[in-house]
Amino acid sequence: MQIVKHPVNPVRTSCFLVEVTTSRLNKIADVIDSGKLSTQVGTVLSLDQAQAAHEMLGGAPHKRGKIGFGAFDRSEFFGQV
């Protein structure tokens, strides 16, 4: 992590690269499936709501948790909606 001097507020920045592979994604899925890791999904949007997702990332009100896009039957994950 690098601290950047700013006249009013210090700004922290960081950068990392990740090589996404099928093997790594399968390992993550196994950990989630085993219950050792859980995720908190706050909002699932359709792709045509991408602008709303960007607004949420920018500070617009939304449910606590991750913002994701889904192309699936929401009831499979959240029960009857």
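General remarks:
- Identity of the residue in segment 12-21, over 20 Å from PHE69 (Cα atoms) and modelled with pLDDT of 85 or more, that ends up surrounded by the most Cβ atoms within 10 Å (Cβ to Cβ): THR21
- Residue within segment 39-52 that is out of contact with any Ser or Thr (no Cβ under 9 Å at 6 or more places or on another chain), at pLDDT 65 or above, aliphatic (A, V, I, L, M) and in a loop (DSSP other than H, G, I, E, B) present: no
The values are calculated or read from the model by the stated rules, or taken from the named source; none is laboratory data. Values in this document were obtained by computation on a predicted structure and should not be read as measured data. All Cβ positions, glycine included, derive from the backbone under ideal geometry; neighbour counts span all protein chains shown.
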